[in-house]
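The values are calculated or read from the model by the stated rules, or taken from the named source; none is laboratory data. All values derive from a computational prediction rather than experimental measurement. So basically every Cβ, Gly included, is an ideal-geometry build from the backbone, and we count neighbours across all protein chains shown. Please note that ligands, DNA and RNA were not included when accessible areas were found on the heavy atoms of the full protein model with its side chains. Shrake-Rupley method; radii C 1.70, N 1.55, O 1.52, S 1.80 Å.
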Amino acid sequence: TACIGKWHLGQNYITKDGKPPMGGVKNALSNVDFTQPIGEGPVSRGFDHYFGTIVPNYPPYCFIENDRTIGIPSLLAKGGNFNIPGPMVPDWKLEEILPQLTSHAVKWIEDRSHSKRPFFLYFPLTSPHYPVVPSSEFVGKTEAGAYGDFVYQTDWCVGQVLDALE
């Protein structure tokens, strides 16, 4: 079983000072020890594999695989599409979330195709809600503006997963 996509059902972070994770604009997650496993995520709740983000506009801004961040969120994201300031990994780009989720899901399906055992993939996409950030190859694909392009990209993502299943 795998969950590949957003997971916004709560996680528990280990902190550097033993206190709850700090909130608020100024201190968002500043006391979290990102070198430690994240508890109460998808693998704690029964999935064998997880790859994704919490949500695209909520820190930490990074991918998480199983119970670990990929990279250490060491920079502060603020303003723009990051409506909640907080830590992010260097070079984090919101436009890369959907392509990364899709390629990971396709690879996971392809890896399972070598077995006769059934599998279950839960693929909760971060779109088509805010932030609306179509990847560059989808910008201008529709006459409905950025949101239309983002929905177009979302349809493409689902198509890639369906193709992998076939």
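For the reader, a short list of remarks on this structure follows.
- Scanning segment 92-123 for residues being closer than 25 Å to T35 by Cα and open to solvent by 40 Å² or more (accessible area, probe 1.4 Å) gives a total of 4.
- Qualifying positions in segment 47-75 - of a type in the set (S, T, N, Q) and within 18 Å of Q100 (Cα to Cα): T53, N57, N66, T69
- Segment 133-166, subset open to solvent by less than 60 Å² (accessible area, probe 1.4 Å) and touching a Phe, Trp or Tyr at 6+ places or on another chain (Cβ under 8 Å), residue nearest to A105 (Cα to Cα): V161
- Top-ranked residue in segment 1-14 [being at pLDDT 90 or above and surrounded by 16 or more Cβ atoms within 10 Å (Cβ to Cβ); ranked as farthest from P85 (Cα to Cα)]: A2
- Residues in segment 61-102 that are within 21 Å of F123 (Cβ to Cβ), assigned to a strand (DSSP E or B) and touching a residue at least 24 places away in the same chain (Cβ under 8 Å): Y61, I64, R68, T69.
- Looking only at segment 68-91, and only at residues there that are at pLDDT 90 or above and either of a type in the set (D, E) or surrounded by fewer than 18 Cβ atoms within 10 Å (Cβ to Cβ) (or both), the one that is nearest to the chain's Cα centre (by Cα): I70
- Of all residues making up segment 45-67, the number that are under 21 Å from P128 (Cβ atoms) and open to solvent by less than 40 Å² (accessible area, probe 1.4 Å): 9
- Flag for D17 being among the charged types (D, E, K, R), open to solvent by less than 60 Å² (accessible area, probe 1.4 Å) and farther than 25 Å from D111 by Cβ: no
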